[in-house]
Amino acid sequence: MKSYNVTQKLINSHLLIGEMSPGSEIGIKIDQALLQDATGTLVQLELEAMGLKKAKTEIAVQYVDHNLLQTDFKNADDHSFLLSASQRFGLWYSRPGNGVSHPVHMERFGIPGKTMVGADSHSCAAGSMGMLAIGTGGLDVAAAIAGEPFFVRMPKVMGVKLTGELPDWVSAKDIILEMLRRHGVKGGVGKILEYYGDGLKNLSAMDRHVIANMGAELGATTTVFPSDEEIKRFLKSQGREEDWIELVADEGCTYDLHEEIRLDELVPLIAQPTSPGNVVPVSEVAGKPIGQAVIGSSANPGLRDFWIAGAIVKDKSVDSEVSFDINPTSRQMIQNMIDNHAFANLIKAGARFHQSGCMGCIGMGQAPASDTISLRTMPRNFPSRSGTEDDQVYLCSPETAAASALTGKITDPRDLENLYGLSYPQFENPEVEIINTELLVAPPQDGSQIELKKGPNIKALPHINPLMDNYKVPVLLKMGDDISTDEILKAGAEVLPFRSNLPEISKYTFTVIDNSFYDRAMESKSRHGGHIVVAKENYAQGSSREHAALAPKYLGQVAVIALSYARIAWQNLANFGILPLEFTSNEDYDKIDQGDTVGFTNLREDIRDRNPVRVTVSNDSGKKLQIETKHSLSDRQINMVLKGGIINEFKDKLNP
């Protein structure tokens, strides 16, 4: 009998289409779905466009954790719409203020052995409890809710062996930062990371959540941990011990790739601006003055993370130049923080408490002052994501953030022993946590007669036309490596309220890179019928936000030509009928300039028959040349792109 690792067990038990051969497309059955409000408004509109009657997954949950600031009617209207849509289509609804989606889902709904897709890139966090949880674009999640398989290229499985025990002042955040230090933001592309080894025995379920969450920053398809006695303990603490099953790797199983981390050799680490992969020891940058330290977000959401910060600042005061911000994970977390005195310790030391939600992580408030350093326990530090144009965001552990808040400068937390005579506080997980489910709304048995509440900011999705044979369009933007979705369509309090209003949100497309892009794109759409953009490696890393494909499509984007793509972005482009073409060499990338005109002929046949896609490049100065590009679309995706996207396809399936 074949020996399987945990990843293979999860995929094999849900495999509907294809074989577990790395690189081949597989279709898997999806048990659970997760939506958050910044992506969920669009998904619910997609479900309406598809004509869905009721969710076909075992569980689907709509969380409201991003667009929480209600400075006018737009976010409040979205919340009303999301509640009505959840009731209509049979989803649970987590009300505003209930908490951050990923840890709340883990506490209330996650079940070992199940599969989940989420319209948020950090949905992979649920892999911490023995699930196969994959972040993806909203259209893929909508399809899963409608009962369709989720399609992905079978990744390679990298086994990451953890040995030893973490030293004092080093925690789970430093483990994932060490992975990013070694492998960078592209190191996980095409891979699932599976952690194993005796080092797991001292990592709690929420410690594992920290590591699994930021696997997204490595570009990994997802992260998987076993479901062992620690997961049983965690579910028992949440009153859900009956949901536990053991799910561990078979003896003698193998992995496609290997990595090993000796935990006792780790030191406090920190990611410098402006990439989660720019990691160095805290000691190398210690002494730089800071203006802000933020604790919370889905990347450090555990009770321990807040407790340890409270224990560090207990009976002390944070530096007068530092804004010490706390983003509690959930209402339930606040109650537990009150119970174990973490809340009082933080408040007394000068902390500012905010709503239970993503908040500063997505640029929804908590923007740092200009030209100051902000230390955050969050997953991303892409340029201006915080809401401040010249931000200097560093990513670190709660220990490093709390220590630095006290001193007013980046501080290696190990130095607290000399500075304050402070021994490393020892946290013990409670046997039973205080449980609060008051803001969870269950779906009705039959919501078919419930009317969708659409305020004036909620606009219907546009029709996407089929791919044409011939185009002659300009290159509106030429970019380099590692362009993030935050640069394609920025986040923040100014932009997020327009997530259900495509005409308005499209005005922010590529503004982080080029403020003139929207006007140039609209002119090109009118004069030439569209445009393309060009990039190098790892195009559109970061968030799962499909607006980063849909907004450019609305502005007439025909294709992207890049050397390589982040997984979710590549899928999103295809889902909305934008061709994700690939250069065959760096030299061909060098031959195209911003402002050139590109021509495609016989495009439909070349895409369908997998011929090289020939691109004619010209400009007014006499340049004229031809290069060949390729695509990596599956047969399923080719058919979808030719039709004009996945929504048209599902209309036919759900309404024969």
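The values are calculated or read from the model by the stated rules, or taken from the named source; none is laboratory data. Not measured: the values here are computed from a predicted model. Every residue, glycine among them, receives a Cβ derived from its backbone with ideal geometry; neighbour counts consider all protein chains shown.
Would you check which residues across region 142-170 are in contact with a Phe, Trp or Tyr (Cβ under 9 Å, 6 or more places away or on another chain) and in a strand (DSSP E or B) and list them?
Residues satisfying the conditions are Lys156, Val157, Met158, Gly159, Val160, Lys161, Leu162.
Restricting to region 511-525, count the residues that are within 13 Å of Tyr554 (Cβ to Cβ) and in a loop (DSSP other than H, G, I, E, B).
The qualifying residues number 0.
Does Val267 satisfy being within 29 Å of Gly360 (Cβ to Cβ), over 26 Å from the mean Cα position of the chain (by Cα) and buried (at least 18 other Cβ atoms within 10 Å of the Cβ)?
no
Residues of region 600-623 being surrounded by 15 or more Cβ atoms within 10 Å (Cβ to Cβ) and touching a residue at least 40 places away in the same chain (Cβ under 8 Å), which ones?
If the condition is that a residue be surrounded by 15 or more Cβ atoms within 10 Å (Cβ to Cβ) and touching a residue at least 40 places away in the same chain (Cβ under 8 Å), then Phe600, Leu603, Arg604, Ile607, Val615 are the ones that fit.
Hey, Gly187 hits all of (1) closer than 24 Å to Ile26 by Cβ; (2) of a type in the set (Gly, Ala, Ser); (3) not in a loop (DSSP other than H, G, I, E, B) but one; which does it fall short on?
Result: Gly187 passes all but (3).
Matching residues to (1) of a type outside the set (Asp, Glu); (2) in contact with a His (Cβ under 6 Å, 6 or more places away or on another chain); (3) over 30 Å from Thr372 (Cβ atoms):
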| site | (1), (2), (3) |
| --- | --- |
| Thr407 | yes, no, no |
| Leu416 | yes, no, no |
| Asp446 | no, no, yes |
| Asn465 | yes, no, yes |
| Asp469 | no, no, yes |
| Leu476 | yes, yes, yes |
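Can you name the number of the only condition in (1) surrounded by fewer than 17 Cβ atoms within 10 Å (Cβ to Cβ); (2) in contact (Cβ under 8 Å) with a residue 40 or more places away in the chain; (3) on the phi < 0 side of the Ramachandran plot that Asn515 fails?
Only one criterion is unmet by Asn515, namely (2).
So which helices (runs of 4 or more DSSP H) stay within region 20-132 end to end and still have 2 or more residues that are at pLDDT below 95?
By residue number, 37-50, 73-89.
Looking only at region 540-555, count every residue that is under 17 Å from Ser500 (Cβ atoms) and more than 12 Å from the chain's Cα centre (by Cα) and tell me the total.
Of the residues in region 540-555, 7 are under 17 Å from Ser500 (Cβ atoms) and more than 12 Å from the chain's Cα centre (by Cα).
Please note which helices (runs of 4 or more DSSP H) are completely contained in region 306-414 and include at least 2 residues that are touching a residue at least 12 places away in the same chain (Cβ under 8 Å) and closer than 21 Å to Trp169 by Cα. First the steps, then the outcome.
Values: elements: 331-339, 342-349, 398-407.
It comes to 342-349, 398-407.
If a residue must be among the β-branched types (Val, Ile, Thr) and either without any contact (Cβ under 8 Å) to a residue 40 or more places away in the chain or farther than 19 Å from Thr223 by Cα (or both), how many such residues does region 10-60 contain? Spell out the reasoning first.
Filtering region 10-60 for residues among the β-branched types (Val, Ile, Thr) gives 11, 17, 26, 28, 30, 39, 41, 43, 57, 59.
In the following step, the residues that additionally are either without any contact (Cβ under 8 Å) to a residue 40 or more places away in the chain or farther than 19 Å from Thr223 by Cα (or both) were identified as 17, 39, 41, 43, 57, 59.
Count: 6.
Would you call Val117 closer than 26 Å to Met333 by Cα, touching a helix residue (DSSP H, G or I) at 6+ places or on another chain (Cβ under 8 Å) and surrounded by 24 or more Cβ atoms within 10 Å (Cβ to Cβ)?
When the stated conditions are applied, Val117 passes them.
Has region 561-569 got any residue that is more than 15 Å from the chain's Cα centre (by Cα) and among the β-branched types (Val, Ile, Thr)?
yes
Within region 208-255, how many residues are over 17 Å from Gly277 (Cα atoms), among the acidic types (Asp, Glu) and assigned to a helix (DSSP H, G or I)?
Residues in region 208-255 being over 17 Å from Gly277 (Cα atoms), among the acidic types (Asp, Glu) and assigned to a helix (DSSP H, G or I): 5 in total.
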